[in-house]
There are 2 protein chains.
Amino acid sequence: LHERKLYETNAPNASTGIINGQSSNVLNWDDVRFSWAYPMYKNMLANFWTPFEINMSNDRKQWPELTADEQETFKKIIGLLAFLDSIQTDYSSKVADYLTDSSLAALMQVLSFQEVVHNQSYSYVLSSLVEKDEQDAIFEYWKHDEILKERNEFIAQGYERFVKEKSPQAFIESIVYDVALEGLFFYAGFAFFYNLARNQKMVSTSTMINYINRDEQLHVNLFAYIFKETLKENPELNTEENLQFVTDTFRKATELEIKWGHYIIGNRMDGIHMSDLENYIKYMANKRCKLLGAGIPFPEVTENPMKWIKAYKDVDEGKSDFFEQKSRQYTKVSDTNGFDEL
Amino acid sequence: LHERKLYETNAPNASTGIINGQSSNVLNWDDVRFSWAYPMYKNMLANFWTPFEINMSNDRKQWPELTADEQETFKKIIGLLAFLDSIQTDYSSKVADYLTDSSLAALMQVLSFQEVVHNQSYSYVLSSLVEKDEQDAIFEYWKHDEILKERNEFIAQGYERFVKEKSPQAFIESIVYDVALEGLFFYAGFAFFYNLARNQKMVSTSTMINYINRDEQLHVNLFAYIFKETLKENPELNTEENLQFVTDTFRKATELEIKWGHYIIGNRMDGIHMSDLENYIKYMANKRCKLLGAGIPFPEVTENPMKWIKAYKDVDEGKSDFFEQKSRQYTKVSDTNGFDEL
Ligand SMILES: [Ca+2]
Ligand SMILES: [Ca+2]
């Protein structure tokens, strides 16, 4: 893969290709290669939020009333997210270097910025709930917890191969890992927080998780666009093998997410049955494969078994009043940034 | 320079050095190396704005009433900024790769995101004022205009040397070019827009320029921190020669900015005398050198000859009501994000 140059006087502002193309690197949003890029940009900006707008005082009061299991799971999920969003910040920035289209590189920088905000939200939440020592320890979970390590390494090896090889093949494979990360590996954790909110617990944290979920939805859509355009522009990548790779990767990712679900949720949480969670994860895996244009790994799962989640995910569509709402002046949900159908 | 790894299990979350240090790459804002990083992060987020919040209808009405000189200069400055903020997006992202401190890398990603917004603002303004063909042509100025090219190449060669060499020396030199770009090369242009606003012209565009100016101020402060911490942690870089390099670079940058000032402003604009602009540019160059801990290139200039600019720059401090104000819910100016003294 060619790295996008700092600037290239003889190249056009609108690039000639998504990878290995010519691009001046000067960005004129009215002269870009892909018509979906600017609407995506607007939606990403409309999503702007910061943890500082979330008042943690009620959660702080409720925290000691959570069961030991709930506290433990809460901390493990935050520990997971802290790792994933940290490497995600870097991965997206490295993807930006190899997109030879300045508008897509710009979208990647916006995405990377959002990961920075997500990351800070975990420190923000923990600093309201636990002592500094415990917060620091939670940010070390990824180093020691075996199940966490297995999941993280699954993603990280796909990213690292791209970072090292920088081949078109490693690039598109890394995107599949990205969609597994952003589109599947967060979802058992999201379900846990939404279930707490359903029980009127830790509503501020869940509000924050909802904002993160909303961002992740756009990230999944953006990476799916990039994946599909790359295949379209590079027919040698548009193979049965690569589509099979998507399905196989999501089958493996689903196994890991289910294992993680057993570990953090099992049948120990009021309101979530592990068998439903398993099918929910499979359901989401199918959705992501479809979005990437690949065959689904679990044709036997055709319905979302945890439909209640929709009300929590789609808070901005006005379908729920469970969350503490404040004015979100930058947010206007439109068709293109909307949460996907469950 | 060592590139920061995607993750490093055996390294601490708080890094051991600003460059060539050990860092797990997992970001816990309550466990970072530099105490100034989190306040900087909060201030950068507090600055959030988007061009969409700026109503261009009055500017659109006024545009045909500008003199031919004013229109020409307006377009040239936007053409300049479009180039500079495009390469700036990439430069900051590349700096992020070599900062072995995840919190500083995160700040660079926030900065890079802000450059993306600046960049979009130029398309946004032009699309309200001129036809698509003319907008596209303005985004090509940097390819043809000799004076623009000379200025741009001055910065770009410093950036490219870092991109190619990735040595600590090329790194700190590139930061000096960055501060010249963000802290000097925008300022004749800023003065032009503030002078228009002072004459009740193109107030929306100037409001946008003011937001950009406010962001740039933080960028200059951030790069100055990074420069000084790098010198502090790496005594072999903390030499008289390197401080002299700062002064010399700003002397050369001032020459180019003055040449540009003659070219775009000269004595053709009501309200700006070229001799004042020259001294203003020298005054700003002195400020930047002081900030970087180096000797000043123009000791004979001790006062800002264009004090009226302060009211326009400092709009958020409530000292001016010239700009159309709207609710800026995310902005709280504090000591640390405030505009510097003029
Ligand atoms: Ca993400
Ligand atoms: Ca800048």
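The values are calculated or read from the model by the stated rules, or taken from the named source; none is laboratory data. All figures in this text were calculated on a predicted structure; none of them were measured in a lab. Cβ: placed from backbone, ideal geometry, glycine included. Neighbour counts: every protein chain shown. Please note that ligands, DNA and RNA were not included when accessible areas were found on the heavy atoms of the full protein model with its side chains. Shrake-Rupley method; radii C 1.70, N 1.55, O 1.52, S 1.80 Å.
Number of residues in region A:262-292 that are part of a helix (DSSP H, G or I) and over 23 Å from A:Phe223 (Cβ atoms): the value is 9.
When you check A:Lys149 against the structure, is it facing chain B (nearest Cβ under 8 Å) and out of contact with any Leu (no Cβ under 7 Å at 6 or more places or on another chain), yes or no? No. Of everything in region A:115-136 that's open to solvent by 10 Å² or more (accessible area, probe 1.4 Å) and either touching a Lys or Arg at 6+ places or on another chain (Cβ under 7 Å) or assigned to a helix (DSSP H, G or I) (or both), which residue is nearest to B:Asp85 (Cα to Cα)? My answer is A:Tyr124.
Scanning region A:73-89 for residues that are open to solvent by 10 Å² or more (accessible area, probe 1.4 Å) and within 15 Å of ligand 1 (Cβ to nearest atom) yields a single hit, A:Thr89.
Take B:Leu80 and tell me if it is more than 8 Å from every other protein chain (Cβ to nearest Cβ) and closer than 20 Å to B:Leu222 by Cα.
Values: more than 8 Å from every other protein chain (Cβ to nearest Cβ): yes; closer than 20 Å to B:Leu222 by Cα: no.
No: the conditions fail for B:Leu80.
With respect to being away from ligand 2 (no atom under 16 Å from the Cβ) and in contact (Cβ under 8 Å) with a residue 40 or more places away in the chain, B:Leu111 falls outside the description.
Test A:Ile77 against the criterion of being aliphatic (A, V, I, L, M), outside any helix (DSSP H, G or I) and modelled with pLDDT of 95 or more, and give yes or no. So A:Ile77 does not fit the description; no. If we scan region A:99-113, do we find a residue that is more than 10 Å from every other protein chain (Cβ to nearest Cβ), surrounded by fewer than 24 Cβ atoms within 10 Å (Cβ to Cβ) and away from ligand 1 (no atom under 15 Å from the Cβ)? No, region A:99-113 has no match at all.
Each row is one residue, and each column tells you yes or no for (1) without any contact (Cβ under 8 Å) to a residue 40 or more places away in the chain; (2) of a type in the set (S, T, N, Q).
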{"residue": "B:Met202", "(1), (2)": "no, no"}
{"residue": "B:Tyr211", "(1), (2)": "no, no"}
{"residue": "B:Arg214", "(1), (2)": "no, no"}
{"residue": "B:Gln217", "(1), (2)": "no, yes"}
{"residue": "B:Asn221", "(1), (2)": "no, yes"}
{"residue": "B:Glu229", "(1), (2)": "no, no"}
{"residue": "B:Lys232", "(1), (2)": "yes, no"}
{"residue": "B:Thr239", "(1), (2)": "yes, yes"}
{"residue": "B:Phe245", "(1), (2)": "no, no"}
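Here A:Phe186 meets each of (1) under 30 Å from A:Lys228 (Cα atoms); (2) aromatic (Phe, Trp, Tyr); (3) modelled with pLDDT of 95 or more with one exception, condition (3). Determine whether region B:37-50 contains at least one residue that is open to solvent by 10 Å² or more (accessible area, probe 1.4 Å), part of a loop (DSSP other than H, G, I, E, B) and among the small types (Gly, Ala, Ser). No, there is no match, as no residue in region B:37-50 is open to solvent by 10 Å² or more (accessible area, probe 1.4 Å), part of a loop (DSSP other than H, G, I, E, B) and among the small types (Gly, Ala, Ser). Residue check, B:Lys94 against (1) over 30 Å from A:Asp136 (Cβ atoms); (2) open to solvent by 30 Å² or more (accessible area, probe 1.4 Å), all met but one. Which one? B:Lys94 satisfies all of (1) over 30 Å from A:Asp136 (Cβ atoms); (2) open to solvent by 30 Å² or more (accessible area, probe 1.4 Å) except (2).
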